[in-house]
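The values are calculated or read from the model by the stated rules, or taken from the named source; none is laboratory data. The shown structure was predicted, so the numbers you read here are calculated from the model rather than taken from an experiment. Don't worry about glycine lacking a Cβ; one is built from the backbone with ideal geometry, like all the others, and counts go over all protein chains shown.
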Ligand SMILES: NC(=O)c1ccc[n+]([C@@H]2O[C@H](COP(=O)([O-])OP(=O)(O)OC[C@H]3O[C@@H](n4cnc5c(N)ncnc54)[C@H](O)[C@@H]3O)[C@@H](O)[C@H]2O)c1
Ligand SMILES: O=C(O)[C@H](O)CO
């Protein structure tokens, strides 16, 4: 028997029962749901990560849809319970959905939503911040100052890497990887090498055009190369940022052997998912190569770090905050709520999940569509003609 969990209720007499497993930023998402006849129940339990049992209790006997979080294990147990409760919609408040067993959702006919696009620039900015923090040893220098160790300017004090003219490597040049690449290329005049299963045509055109602009201004043009293998990126780049999805093809993509291929003074940034990097091998590599640096937003055993990582001066670590800007987090909440609402209302699926701005405009009603449903084809959901 599942234990009851604490909730806050909005619009108690609403026709459709929607559950959010967490409180989310902003109020637009709440208003959009209650204006459309939803009774909204927000879990207010203090613990950070809800267990499957907690979520079962939240779903209860009747539930039309759930907005959930990337820390939750959405598999067979939860989708069968949601389906028994009459639910047809679930949305992660995240673009990544490796915590969701989509096949199980398909089996129970539950639509699975995610929140692409609204976090692209915010996440890329954090990857750029980690790249700079690692290159210029900002965290080490900050700790040094606060410890009262600064006695005056010295020629060797916290010497780091100049990015201009170096090569930025991107593994997974999708929405976020491409946005990060553009920031590093335009901001620091870096050359690009990338690896992806697909050609990043728009990114290539951007670098070509920017290179021509620099050349016309009498400056060294930037260049791009699509690598034939990931190893090529690892060998050639000075700063490498990881932006693929997490699946079985990307699990431990960066392992002991591949770390050994990287330049001794390279910088590795991970804002994708922790298990993309073999963190035990990374700690060993950081220990043996003090000039190698990393910037990590995600960890293999989140929320924990592998033993030794916290002691590494050449690592900058932050707690999975890459999408944490106010605008983005409020937008993610809106997209997740609209995915669930749209499915409950029988709306079609938005035609282009990479272009979700229409849903984020606070001054107009959002389109009558689900912004992004990852299993829409399998479920045979209609596509919006808007
Ligand atoms: N740290 C954070 O807070 C945060 C925030 C947003 C997204 N993310 C993560 O970033 C991921 C990417 O988000 P996105 O919006 O850019 O997604 P996206 O789908 O636009 O990009 C992912 C890219 O990875 C590529 N890819 C897939 N498998 C690959 C492989 N084996 N080798 C090389 N490339 C491969 C895809 O072709 C695609 O271009 C998400 O799935 C999520 O896990 C993390
Ligand atoms: O996948 C995602 O969206 C992130 O990890 C959180 O923003």
Query raised in the report: How many residues does the stretch 166-175 hold that are within 20 Å of residue 133 (Cβ to Cβ) and either at pLDDT below 95 or assigned to a loop (DSSP other than H, G, I, E, B) (or both)?
Result: 1
Query - Search result, residues across the stretch 294-305 that are free of Cβ contacts under 8 Å to residues at least 40 places away in the same chain and either in a strand (DSSP E or B) or within 11 Å of residue 317 (Cβ to Cβ) (or both) - result: 298, 299, 301, 304, 305
Requested in this report: Might you check whether a residue that is out of contact with any strand residue (DSSP E or B) (no Cβ under 9 Å at 6 or more places or on another chain), in a loop (DSSP other than H, G, I, E, B), in contact (Cβ under 8 Å) with a residue 24 or more places away in the chain and in the same structural domain as residue 90 (by the TED database) occurs anywhere in the stretch 347-355?
Outcome: yes
Query - Filter pass, residue 359 being buried (at least 19 other Cβ atoms within 10 Å of the Cβ) and assigned to a loop (DSSP other than H, G, I, E, B) - result: no
Report summary line: Conditions (1) more than 15 Å from ligand 1 (Cβ to nearest atom); (2) not assigned by the TED database to the domain that holds residue 99 -> residue 337 fails only (2)
Requested in this report: Can you confirm whether the stretch 310-322 contains a residue that is assigned to a helix (DSSP H, G or I), over 20 Å from the mean Cα position of the chain (by Cα) and under 20 Å from residue 137 (Cα atoms)?
Outcome: yes
Query raised in the report: residue 328 is checked against (1) within 14 Å of ligand 2 (Cβ to nearest atom); (2) assigned to a helix (DSSP H, G or I); (3) in the same structural domain as residue 159 (by the TED database) and fails just one. What number does that condition carry?
Result: (3)
**Report entry** Unique match (being assigned by the TED database to the domain that holds residue 368, within 30 Å of residue 365 (Cα to Cα) and surrounded by fewer than 18 Cβ atoms within 10 Å (Cβ to Cβ)) among 26, 14
**Finding:** 26
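Counting only residues that are over 16 Å from residue 344 (Cα atoms) and within 25 Å of the chain's Cα centre (by Cα), which one in the stretch 78-96 is farthest from ligand 1 (Cβ to nearest atom)?
Only one residue tops the list, namely 78.
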Query raised in the report: From the list 284, 300, which one is in the same structural domain as residue 238 (by the TED database) and more than 16 Å from ligand 2 (Cβ to nearest atom)?
Result: 284
Requested in this report: Take the stretch 180-199 and flag every residue that is within 16 Å of ligand 1 (Cβ to nearest atom) and crowded, with 22+ Cβ neighbours inside 10 Å.
Outcome: 180, 181, 184, 192, 193, 194, 195
Query - the stretch 42-55 residues that are assigned by the TED database to the domain that holds residue 68 and more than 18 Å from residue 74 (Cα to Cα), paired with ones that are in a loop (DSSP other than H, G, I, E, B) and modelled with pLDDT of 95 or more (beta carbon under 8 Å, 6 or more apart) - result: 44/6; 44/23; 45/6
**Report entry** Residues (assigned to a loop (DSSP other than H, G, I, E, B) and touching a helix residue (DSSP H, G or I) at 6+ places or on another chain (Cβ under 8 Å)) located in the stretch 282-293
**Finding:** 292
**Report entry** Candidates 141, 173, 134 - the one that is more than 16 Å from ligand 2 (Cβ to nearest atom), surrounded by fewer than 19 Cβ atoms within 10 Å (Cβ to Cβ) and either assigned by the TED database to the domain that holds residue 197 or more than 15 Å from the chain's Cα centre (by Cα) (or both)
**Finding:** 141
